[in-house]
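The values are calculated or read from the model by the stated rules, or taken from the named source; none is laboratory data. Here the structure is a predicted model, which is why all the values come from computation and not from measurement. Here the Cβ positions follow ideal geometry from the backbone for every residue, glycine too, while neighbour counts run over all protein chains shown. We work out accessible area using only protein heavy atoms, side chains counted, and drop any ligands, DNA or RNA first. Shrake-Rupley method; radii C 1.70, N 1.55, O 1.52, S 1.80 Å.
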Amino acid sequence: MSTFRCVPEIDPTFLALPARELASAALQRATELGVDHADFRLERSRGARLRLRDGHLESSSDSEDVGLAVRVVHDGTWGFASGIVRTAAAAVQLAEQAVETAKVSRPLSRDPVVLAPEPAYPDATWVSSYDINPFDVPESERVGRIAELAERLMAADGVDHVDSYLFQVLENKFYADTNGTMTTQQRVRLEAAFTAVNVDRAAGAFSSMRTLAPPAGRGWEYLVGTGWDWDAEVAELPGLLREHVKAPSVEPGVYDLVIHPSNLWLTIHESIGHATELDRALGYEAAYAGTSFATLDKLNSLQYGSPVMNVTGDRTIEHGLASIGFDDDGVAAQQFDIVKDGVLVGYQLNRQMAQAQGFGRSNGCALADSAGHIPIQRMANVSLQPADDGPSVDELISRVERGIYVVGDRSWSIDMQRFNFQFTGQQFHRIENGQLVGQLRDVAYQATTTDFWGSMEAVGGPQTWVLGGAFNCGKGQPGQVAAVSHGCPAALFRHVNILNTRSEAGR
Amino acid sequence: MTDAVQDLVERAQSASTADGCVVIASEHSETNLRFASNSLTTNGQMQSRSVTVISTFDKADGQSAGVVTRAITSVEEVDDLVRVSEAAGRNADVAEDSAPLVDNYPNDDDYAGEPARTSVAVFEQFAAALGAEFERWRKADRLLFGFAEHQMTSYYLATSTGLRRRFDQPDGRLELNGKSRDFSQSAWFSQHYPDYSDVDVAAVSAEVDRRLDWAAKTIELPAGRYETILPPTAVSDLIIPVYWAASARDADDGRSVFAKADGTRIGERLADLPFTWRSDPDDPQLRSAPFQIVTQSFGSMTSVFDNGAPTPAIDWIRDGVLTNLMRNRGYAAKTTTEPALFVDGMSLDAGGTASIDEMVASTERGLLLTCLWYLREVDPQTLLTTGLTRDGVYLVENGAVTAAVNNFRFNESPVDLLRRATQVGRTEHTLSREWSDFFSRTAMPAMRIPDFNMSTVSQAF
């Protein structure tokens with residue numbers, strides 16, 4: 001067995017499941033039925049959610065999903081079946097059902113499915129990087145830590161309510177295919193947030209502000225000192241909220257923006273991450289998630305943004321939510337260029353599209369969110385690269401005469417071709433003559449993707465770079481959810497359209 | 001192969017040593033076909049089963065709960081699930097939503113019966129008809145995209161107070177998206193089909209054709225406020241988030257669109273038109289569980305302690321006046337009010353009778369939308385929501401559609417739209433495009449808004 005990392009061990013209760021026997025039964029049956037390709041997955045996902053309201057436990061739930069799936073290419077057509085019964089007979093039946101589904105689908109299909117070549121990985125193991133499995137921490141201890149931070153917020157001036165939550169996930173995936181690949185993987189991730197609410201009863205008004213800590217591919221250590229300083233952030237939040245409550249409403253118009261990574265990651269996700277998914281560019285998602293303005297004919301010619309823009313797709317970065325050893329096509333994790341010096345140079349791929357469109361090899365972006373779903377092309381950790389020796393946040397702000405420093409994500413929306421977007425945030429600090437001079441409220445920034453990235457004058461240095469992300473990126477039908485990270489530096493944008501959300505509401 | 005689902009439930013009840021116990025088993029099956037550019041892209045059939053055990057413990061000032069859900073197939077796995085649930089509940093703090101478990105009451109559910117299931121067989125006639133449509137669209141040099149899905153979930157619910165209930169929830173949808181070869185023109189149809197036997201593919205495909213024909217002429221319009229006809233699916237997109245925001249506790253706490261200075265807006269007239277916004281589990285088109293099935297408490301709206309409680313029909317808005325906000329039993333007891341429980345379906349009706357075509361015919365100049373996309377709350381104070389138009393914005397002049405128009409990004413508050421609506425069409429069974437993965441059962445009217453706020457132009461098609 002080759003082990004690429006030897007941090008924590010794969011959960012022995014997952015290893016105790018009869019994955020190899022089931023895989024062997026399913027793949028053998030599929031082979032007998034004459035498939036071009038077959039793969040088998042056994043997946044287990046554990047999740048726990050805690051929600052506290054004003055420091056008191058509002059909801060706690062724990063879930064575990066285990067399932068198995070067989071996917072085949074039969075007569076050039078996909079077939080898929082999944083179930084929950086973990087016996088060899090049930091695995092054989094899934095193989096038969098998958099082939100049957102392929103046959104039913106054959107008359108409705110046009111282009112035969114062919115998969116791009118990939119080396120076989122006969123018995124590989126991969127485990128994400130974390131110290132403490134959050135499922136080994138008693139619930140009382142987890143609730144205690146969240147309650148302690150929430151109570152500190154509740155005790156602060158100007159804070160009337162506090163919403164807080166902790167989500168944690170442990171995912172195990174066993175994969176085997178007729179190409180000879182067999183992999184066993186484990187991922188851990190965690191997300192927590194605190195929202196402080198100020199209520200002005202007399203005015204019938206309220207305001208809120210959330211912590212900026214991103215979800216991370218880390219364990220319980222993330223909540224108690226590794227990778228984020230929660231105590232410092234919770235100490236700062238009430239003062240920022242009090243300032244926000246009293247802040248003047250923004251005058252709509254055109255402003256220069258310095259955008260902090262805690263906000264910019266989501267703009268990257270929506271306007272670059274999704275726009276460079278090849279299945280979207282080819283129209284497979286046209287009726288649902290949408291297409292992309294960045295169509296295949298523009299590869300190596302589309303000026304996506306300014307020359308300081310360099311974007312990579314990455315499944316290997318430590319603590320990345322989309323990092324994994326191997327994808328659900330059996331392809332090894334990679335890092336690849338998407339935008340280089342402002343020009344579109346790559347897409348996120350799976351094996352079918354890599355073959356059909358002449359890319360040669362997939363870059364490992366086929367993932368299913370559970371055994372119940374078929375793998376689709378899902379987003380890698382798509383990240384904006386910093387400038388070596390690039391400026392600090394303060395230096396970026398110092399270059400702005402009249403502008404806004406945007407911190408934290410909040411509302412987000414983008415059109416189905418990834419042109420027109422509108423984002424709000426947690427904090428908007430007014431910049432005057434290179435200095436922060438107090439917060440603004442009711443701010444939304446709105447732009448068209450290539451105009452926006454074209455207006456990026458400078459990216460910050462590595463010291464400004466933060467890995468943000470989300471647990472809940474949705475795509476596909478039936479709907480699938482994936483976690484993904486996006487790293488970026490702070491960056492300076494010129495002449496961006498700012499809307500006032502109060503006047504948009506007609507008030 | 002697998003043990004009967006009722007046996008798992010009874011085993012959990014008999015293994016329980018907690019002060020109270022609720023067990024919910026759900027047996028789920030689904031099947032789907034997805035297609036793009038006149039060709040099938042993916043398909044599948046899935047089956048799953050999960051069991052949730054809620055163990056409750058009486059404490060000085062309420063109850064604590066341990067809530068654990070697992071995919072389980074055999075009775076042997078049940079004992080461990082109960083132990084994990086009890087370990088979590090015994091040491092937990094008193095839950096904010098705690099309330100005594102629901103007492104037993106008579107019902108005529110078929111608790112002993114086999115779970116209902118769906119399979120790819122429901123698509124037999126549909127798939128053949130779809131194949132014929134692919135051929136027709138190919139010949140017309142147009143592209144058909146879409147998704148067909150059918151699901152069935154059988155729920156079995158048992159409480160330690162002796163209550164046994166069972167409910168079968170079917171769900172299904174068809175979404176069709178027609179495009180010109182270059183993708184520049186796009187039209188859409190969707191509908192909620194809990195029973196897939198009544199889908200007329202040729203008829204709905206012809207409607208998509210008709211709308212693509214409307215795009216023969218296209219014009220560009222700038223951002224601004226337009227008289228706009230929102231079809232039922234778009235109204236559904238806008239109203240579903242209002243339901244999610246209808247927490248009595250949030251309003252009591254002053255942090256909701258339904259809060260006002262020193263109180264809530266219950267009793268306030270929200271609209272001059274006689275809107276009734278209602279949830280009725282027995283509505284024949286929108287049938288949903290007539291009792292609470294909650295595997296995860298949320299807000300002070302749904303609670304695991306309320307499992308099995310009958311869910312009567314309720315008016316949230318009656319004749320334009322806000323009448324109820326959602327509250328679970330625990331919060332109702334704390335505030336000495338009556339519970340107002342979540343129902344997994346809703347209808348909005350203002351007594352209108354006009355069809356979309358009739359509303360178009362009575363329009364001098366305005367926009368007719370097809371559907372909305374990527375809706376997100378911008379400001380919780382007003383429920384200001386942003387989003388985009390998609391798959392067909394049409395200019396109406398002198399009572400007829402005259403051209404297709406570019407897409408827009410809008411910013412609007414759904415609560416404010418109820419106030420500003422000048423005409424409401426007939427209420428129709430519809431499917432929200434944005435939220436149907438989470439909330440599928442709605443009946444909504446079309447609405448005419450005299451000054452809908454199209455904030456910016458989107459180049460997307």
Item to complete: State whether the residues of the range A:4-20 include one that is out of contact with any Asp or Glu (no Cβ under 6 Å at 6 or more places or on another chain), touching a residue at least 40 places away in the same chain (Cβ under 8 Å), open to solvent by 20 Å² or more (accessible area, probe 1.4 Å) and in a helix (DSSP H, G or I).
Response: yes
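Can you confirm whether the range A:450-462 contains a residue that is free of Cβ contacts under 8 Å to residues at least 60 places away in the same chain, within 22 Å of residue A:290 (Cα to Cα) and either out of contact with any Pro (no Cβ under 7 Å at 6 or more places or on another chain) or within 14 Å of chain B (Cβ to nearest Cβ) (or both)? Full working, then the answer.
As a first pass, look at the range A:450-462 and keep what is free of Cβ contacts under 8 Å to residues at least 60 places away in the same chain: A:451.
Remaining after also requiring within 22 Å of residue A:290 (Cα to Cα): A:451.
So of that shortlist, the ones also either out of contact with any Pro (no Cβ under 7 Å at 6 or more places or on another chain) or within 14 Å of chain B (Cβ to nearest Cβ) (or both) come out as A:451.
Yes, there is a match, as at least one residue in the range A:450-462 is free of Cβ contacts under 8 Å to residues at least 60 places away in the same chain, within 22 Å of residue A:290 (Cα to Cα) and either out of contact with any Pro (no Cβ under 7 Å at 6 or more places or on another chain) or within 14 Å of chain B (Cβ to nearest Cβ) (or both).
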Item to complete: Can you work out which of the residues in the range B:140-183 that are open to solvent by 30 Å² or more (accessible area, probe 1.4 Å) and within 23 Å of residue B:461 (Cβ to Cβ) is nearest to the other protein chains (Cβ to nearest Cβ)?
Response: B:183
Item to complete: Determine which single condition residue B:40 fails, assuming it passes every other condition in (1) at pLDDT below 95; (2) crowded, with 19+ Cβ neighbours inside 10 Å; (3) more than 7 Å from every other protein chain (Cβ to nearest Cβ).
Response: (3)
Item to complete: Consider residue A:415 carefully, then state whether it is open to solvent by 20 Å² or more (accessible area, probe 1.4 Å) and either farther than 18 Å from residue A:305 by Cβ or in contact with a strand residue (DSSP E or B) (Cβ under 9 Å, 6 or more places away or on another chain) (or both).
Response: no
Worksheet, complete the sentence: Residue pairs within 9 Å by beta carbon, gap of at least six or interchain, first lying in the range A:364-376 and at the interface with chain B (Cβ under 8 Å from one of its Cβ atoms) and assigned to a strand (DSSP E or B), second polar (S, T, N, Q) and open to solvent by 20 Å² or more (accessible area, probe 1.4 Å), listed first then second, are A:376/A:350; A:376/B:42
Worksheet item: From B:32, B:107, which residue is within 8 Å of chain A (Cβ to nearest Cβ) and either crowded, with 21+ Cβ neighbours inside 10 Å or in contact (Cβ under 8 Å) with a residue 24 or more places away in the chain (or both)?
Response: B:32
Worksheet item: So, in the range A:268-291, of the ones that are in contact with a Phe, Trp or Tyr (Cβ under 9 Å, 6 or more places away or on another chain) and among the small types (Gly, Ala, Ser), which residue ends up nearest to residue B:146 (Cα to Cα)?
Response: A:287
Discussion item. Among the residues of the range B:231-251, are any assigned to a strand (DSSP E or B), modelled with pLDDT of 95 or more and within 27 Å of residue B:99 (Cα to Cα)?
Written reply: yes
Worksheet item: For the range A:49-57, does any single residue satisfy the condition of being touching a residue at least 40 places away in the same chain (Cβ under 8 Å), in contact with an Asp or Glu (Cβ under 6 Å, 6 or more places away or on another chain) and open to solvent by 40 Å² or more (accessible area, probe 1.4 Å)?
Response: yes
Item to complete: May I ask you to list the residues in the range A:290-328 that are open to solvent by less than 10 Å² (accessible area, probe 1.4 Å) and within 14 Å of another protein chain (Cβ to nearest Cβ)?
Response: A:290, A:292, A:294, A:328
Worksheet item: Within the range A:114-132, restricting attention to residues that are in contact with a strand residue (DSSP E or B) (Cβ under 7 Å, 6 or more places away or on another chain) and open to solvent by 20 Å² or more (accessible area, probe 1.4 Å), which residue is nearest to the other protein chains (Cβ to nearest Cβ)?
Response: A:115
Item to complete: Give the residues of the range A:461-507 that are more than 30 Å from residue A:170 (Cβ to Cβ), open to solvent by 20 Å² or more (accessible area, probe 1.4 Å) and part of a strand (DSSP E or B), sorted by residue number.
Response: A:494, A:495, A:497
Fill in: Check on residue B:390, without any contact (Cβ under 8 Å) to a residue 40 or more places away in the chain, part of a strand (DSSP E or B) and either within 14 Å of chain A (Cβ to nearest Cβ) or of a type in the set (Gly, Ala, Ser) (or both)
no
Worksheet item: Pairs, please: C-beta under 8 Å, at least 6 apart or cross-chain, first residue polar (S, T, N, Q) and in the range B:311-327, second assigned to a strand (DSSP E or B) and open to solvent by 10 Å² or more (accessible area, probe 1.4 Å)?
Response: B:323/B:315; B:324/B:314; B:324/B:315
Discussion item. Here is a check on your reading of the model: is residue A:246 among the basic types (Lys, Arg) and either under 27 Å from residue A:428 (Cα atoms) or surrounded by 24 or more Cβ atoms within 10 Å (Cβ to Cβ) (or both)?
Written reply: yes
Worksheet item: So which residues in the range B:265-286 are open to solvent by 10 Å² or more (accessible area, probe 1.4 Å), out of contact with any strand residue (DSSP E or B) (no Cβ under 8 Å at 6 or more places or on another chain) and either within 14 Å of another protein chain (Cβ to nearest Cβ) or in contact (Cβ under 8 Å) with a residue 60 or more places away in the chain (or both), if there are any at all?
Response: B:272, B:274
Worksheet item: What about residue B:336, is it crowded, with 22+ Cβ neighbours inside 10 Å and at pLDDT 95 or above?
Response: no
Worksheet item: From the set of residues in the range A:93-113 that are open to solvent by 40 Å² or more (accessible area, probe 1.4 Å) and within 18 Å of residue A:23 (Cα to Cα), which is farthest from the other protein chains (Cβ to nearest Cβ)?
Response: A:96
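Anything in the range B:302-324 that is of a type in the set (Gly, Ala, Ser) and surrounded by fewer than 21 Cβ atoms within 10 Å (Cβ to Cβ)? List them, or say none.
From the range B:302-324, those of a type in the set (Gly, Ala, Ser) are B:303, B:308-309, B:313, B:320; that's our starting set.
Of everything in the range B:302-324, those that are of a type in the set (Gly, Ala, Ser) and surrounded by fewer than 21 Cβ atoms within 10 Å (Cβ to Cβ) turn out to be B:313, B:320.
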Worksheet entry | Near pairs, Cβ below 9 angstrom, 6+ apart or cross-chain, from the range A:197-214 (over 13 Å from residue B:381 (Cα atoms) and of a type in the set (A, V, I, L, M, F, W, C)) to any residue that is modelled with pLDDT under 95 and open to solvent by 20 Å² or more (accessible area, probe 1.4 Å) | A:202/B:261; A:202/B:262
Worksheet item: So which residues in the range B:114-131 are part of a loop (DSSP other than H, G, I, E, B), touching a helix residue (DSSP H, G or I) at 6+ places or on another chain (Cβ under 9 Å) and not hydroxyl-bearing (Ser, Thr, Tyr)?
Response: B:114, B:115
Worksheet item: Restricting attention to the range B:393-419, and to residues there that are away from chain A (no Cβ under 14 Å) and either out of contact with any strand residue (DSSP E or B) (no Cβ under 9 Å at 6 or more places or on another chain) or not in a strand (DSSP E or B) (or both), which single residue is most open to solvent (accessible area, probe 1.4 Å)?
Response: B:398
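Residue-wise test of (1) within 14 Å of chain B (Cβ to nearest Cβ); (2) among the small types (Gly, Ala, Ser); (3) under 27 Å from residue A:492 (Cα atoms).
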position: A:212; (1), (2), (3): no, no, yes
position: A:216; (1), (2), (3): no, yes, yes
position: A:248; (1), (2), (3): no, no, yes
position: A:258; (1), (2), (3): no, no, yes
position: A:266; (1), (2), (3): yes, no, yes
position: A:270; (1), (2), (3): yes, no, yes
position: A:274; (1), (2), (3): yes, no, yes
